[in-house]
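A.B. asks: Please see the structure below; I have some questions.
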């Protein structure tokens, strides 16, 4: 979200200070680069969502008391399927919301 905010602040600053045609071109190129960075971030988030959904589908087929493991930071943490499924589902929902917000912001910039 902070990247989007930076882009919007950059637009406001550039619109007031861009007098020279060269400045306008440079500012436009900077905005395009920022837009591309945001689009790349959206793609990463979408891939993460797909991975979480695949894991959820597999875990739903397993017994609830079966042990599973998840990497948290640099640590491998043990869970039971019944404990991790709600957490993964919530994570997918929040990631999707952020992806939608990013997508909306990037299309506003175009």
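A.B. asks: Any residue at all in segment 48-58 that is under 29 Å from residue 37 (Cβ atoms) and in contact with a strand residue (DSSP E or B) (Cβ under 7 Å, 6 or more places away or on another chain)?
C.D. replies: No.
A.B. asks: Please verify whether residue 70 is surrounded by fewer than 11 Cβ atoms within 10 Å (Cβ to Cβ) and under 21 Å from the mean Cα position of the chain (by Cα), treating the condition exactly as stated.
C.D. replies: Answer is no for this residue.
A.B. asks: Hey, among the residues in segment 80-95 that are within 12 Å of residue 48 (Cα to Cα) and surrounded by 13 or more Cβ atoms within 10 Å (Cβ to Cβ), which one's modelled with the highest pLDDT?
C.D. replies: Step by step, filter segment 80-95, then rank; the result is 88.
A.B. asks: In segment 1-48, which residue that is loosely packed, with under 11 Cβ neighbours inside 10 Å and outside any helix (DSSP H, G or I) is modelled with the lowest pLDDT?
C.D. replies: 1
A.B. asks: Kindly indicate which of 101, 84, 56 is within 30 Å of residue 30 (Cα to Cα) and part of a helix (DSSP H, G or I).
C.D. replies: Answer to the check: 101.
The values are calculated or read from the model by the stated rules, or taken from the named source; none is laboratory data. Just so you know, these numbers come straight off a predicted model, no measurement behind them. Please note: Cβ atoms are built from the backbone with ideal geometry, for glycine as well, and neighbour counts cover all protein chains shown.
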